[in-house]
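Quick notes on the structure that follows.
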Amino acid sequence: MSAETPAAPGQFTRRRLQFRAWRGTRPFWAGLFVLLGGFPIMYFPYAHLQLGHLTLAMSTTAGAGSLIIGVLLVVLGISLWFQKHIRVFAGVASILLALVSIPVSNFGGFLLGFLLALIGGAMAVSWAPGAPPAPQDPETAGPAAGGEPGTVGDPAADTVREGGTSQSVEALGANDLSGTSPANGANGRHSAG
C-alpha cells in the first residue's frame with residue numbers, strides 16, 4: 001500500500017454510512033420523537049415511586065387509556081421510519097393523541113411525552129422527501145460546477161455585459177422596481193416623483 005492509496009473503510013464506517021443514507025430518505029427524527037413521546041405517557045400511570053417506606057402511586061382511573069395512547073404513539077413512530085408515505089397521517093394522529101394524553105395520562109406524561117409527541121408529529125407533517133439534484137450539462141454549468149467561464153451560472157458574466165447594461169435589467173424590464181440596485185433605475189422600494 002502506498003501513501004496515496006486510501007484505506008478501505010471498515011465495517012463500522014460502512015454501516016454508519018448506510019444508516020445515514022437510510023435515515024436521510026425518511027422522517028427519522030420525527031419518528032424518534034413520536035416513539036420517545038409514547039414511553040412516558042404509558043409508563044407514568046403505572047409507576048410506583050418509593051420514598052423511604054412511602055409508596056407514591058401515579059395510577060389514574062384511565063390507566064388503560066394511557067397504555068393505549070402510548071402504544072399507538074410507539075407504533076406511529078416506528079411506522080414513520082418504515083412507511084414514509086404515511087407521514088401526514090401519522091403526524092396528525094400523533095398530534096391528536098398527544099393532545100388527548102393531557103387529560104387522560106397525568107398531563108401527557110408530565111408534559112414530557114406530550115411535548116415529544118407534539119414536536120415529532122409536527123416534524124412528520126412538515127417533512128418532505130428531497131429531490132435528487134439534476135445532472136447539469138458541463139457546457140451550461142458555471143465554472144464552480146465544472147463548466148466554462150462566462151457561461152450560464154457565472155455571477156461575473158451575469159452582472160454587466162458589453163454595453164454596460166445588466167442582463168437582469170433586460171430580463172426583468174426597465175420598469176421593474178423590485179430590485180434595490182441603482183443599475184435598473186430603482187432607488188429602494190419606491191421612487192419619488
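Checking Ala98 against (1) open to solvent by 50 Å² or more (accessible area, probe 1.4 Å); (2) touching a residue at least 24 places away in the same chain (Cβ under 8 Å), which test does it fail?
The one condition Ala98 does not meet is (1).
Are any residues in segment 80-95 touching a Gly at 6+ places or on another chain (Cβ under 8 Å) and either open to solvent by 30 Å² or more (accessible area, probe 1.4 Å) or over 11 Å from Gly38 (Cβ atoms) (or both), and if so, which ones?
Step one: of segment 80-95, the residues touching a Gly at 6+ places or on another chain (Cβ under 8 Å) are 80-81, 90-95.
Those that are touching a Gly at 6+ places or on another chain (Cβ under 8 Å) and either open to solvent by 30 Å² or more (accessible area, probe 1.4 Å) or over 11 Å from Gly38 (Cβ atoms) (or both): Leu80, Trp81, Ala90, Gly91, Val92, Ala93, Ile95.
Restricting to segment 14-33, name every residue that is over 11 Å from the mean Cα position of the chain (by Cα) and open to solvent by less than 50 Å² (accessible area, probe 1.4 Å).
Matches in segment 14-33: Gly31, Leu32.
May I ask you to list the residues in segment 61-78 that are open to solvent by less than 20 Å² (accessible area, probe 1.4 Å) and of a type in the set (S, T, N, Q)?
Ser66
When the residues of segment 34-60 are filtered to those that are modelled with pLDDT of 85 or more and of a type in the set (A, V, I, L, M), which remaining residue is most open to solvent (accessible area, probe 1.4 Å)?
Leu36
Suppose the filter is touching a residue at least 24 places away in the same chain (Cβ under 8 Å) and not in a helix (DSSP H, G or I); does Pro129 pass it?
In short, yes.
The values are calculated or read from the model by the stated rules, or taken from the named source; none is laboratory data. Keep in mind the model is a prediction, meaning the values are calculated, not measured. No Cβ is skipped: glycine too gets one built from the backbone with ideal geometry, and neighbour counts run over all protein chains shown. Accessible surface is based on the protein model in full, side chains and every heavy atom, while ligands, DNA and RNA are left aside. Shrake-Rupley method; radii C 1.70, N 1.55, O 1.52, S 1.80 Å.
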